[in-house]
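Read the structure below first, then the notes.
The values are calculated or read from the model by the stated rules, or taken from the named source; none is laboratory data. What you see is a predicted model, and the numbers here were worked out from it, not measured in a lab. Note: ideal-geometry Cβ built from the backbone for every residue, glycine included; neighbour counts use all protein chains shown.
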Amino acid sequence: MSGKNETVVTRKSDRELVVTRVFDGPVNLVFEAWSKPELFQRWWVPKALGVPLRACEMDVRTGGGYRLEFGLDAANSMAFFGKYTDVTPPSRIVWTNEEGGEISVTTVTFEDQGGQTLLTLSELYPSKAACDEALQGSAQGYPMQFEQLDELLVELVA
């Protein structure tokens with residue numbers, strides 16, 4: 001056994017990507033890492049990109065919203081934003097991604113596996129083209145992001 005959990009990205013349909021990974025930490029801690037801004041901002045952006053998270057506003061509750069801003073400075077930044085449509089601690093978070101004009105929906109579930117957590121992230125895109133683009137772009141970052149989340153969980157569990 002390598003001791004390293006694998007991030008698996010699967011195309012479920014023309015419009016949906018599913019990402020799964022087991023994390024070495026209890027469900028409540030993994031959920032907190034996704035729902036508390038002070039923890040989320042520590043792992044969400046792959047360090048290899050070299051683009052800092054400039055702002056992280058998250059009101060993680062059903063009906064709440066979020067806004068994440070990436071960039072080296074205000075003139076060269078990009079914002080991502082949307083609403084939380086279903087937050088059920090510590091098992092589920094669903095949000096919209098509204099920055100592109102077309103809305104996509106992300107669903108993350110957290111399943112207890114005896115001290116470990118099976119995380120399943122599903123992204124439903126408005127079109128096949130948007131899903132194709134994500135597969136070539138943002139989906140490539142999940143393994144790096146999730147390794148960073150692993151590192152944070154080691155710290156939080158200790």
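Worth a mention:
- Exactly one residue out of Val94, Val9 is assigned to a strand (DSSP E or B), of a type in the set (Val, Ile, Thr) and either at pLDDT below 95 or surrounded by fewer than 15 Cβ atoms within 10 Å (Cβ to Cβ) (or both): that is Val9.
- Taken over the range 79-123, the criterion of being over 23 Å from Leu149 (Cα atoms) and among the aliphatic types (A, V, I, L, M) is satisfied by Ile103 alone.
- Test: residue in the range 66-76 that is modelled with pLDDT under 95, more than 20 Å from Gln140 (Cα to Cα), loosely packed, with under 14 Cβ neighbours inside 10 Å and of a type in the set (Asp, Glu): yes
- Inter-residue pairs, beta-carbon under 8 Å, first within 12 Å of Val9 (Cβ to Cβ) and in the range 125-143, second assigned to a helix (DSSP H, G or I), 6+ apart: Gly141/Leu49
- Residue match in the range 19-36 (condition: basic (Lys, Arg), within 22 Å of Leu153 (Cβ to Cβ) and under 13 Å from the mean Cα position of the chain (by Cα)): yes
- In a residue-by-residue description of the range 76-91, the property of being farther than 20 Å from Leu153 by Cβ and not in a strand (DSSP E or B) applies to at least one position.
- Verdict on Gly82 being crowded, with 17+ Cβ neighbours inside 10 Å and modelled with pLDDT of 95 or more: yes
- In the range 38-62, residue nearest to Leu149 (Cα to Cα) [restricted to those that are surrounded by fewer than 17 Cβ atoms within 10 Å (Cβ to Cβ) and touching a residue at least 40 places away in the same chain (Cβ under 8 Å)]: Lys47
- Per-region count, the range 12-48, residues farther than 21 Å from Arg92 by Cβ, assigned to a loop (DSSP other than H, G, I, E, B) and touching a strand residue (DSSP E or B) at 6+ places or on another chain (Cβ under 7 Å): 1
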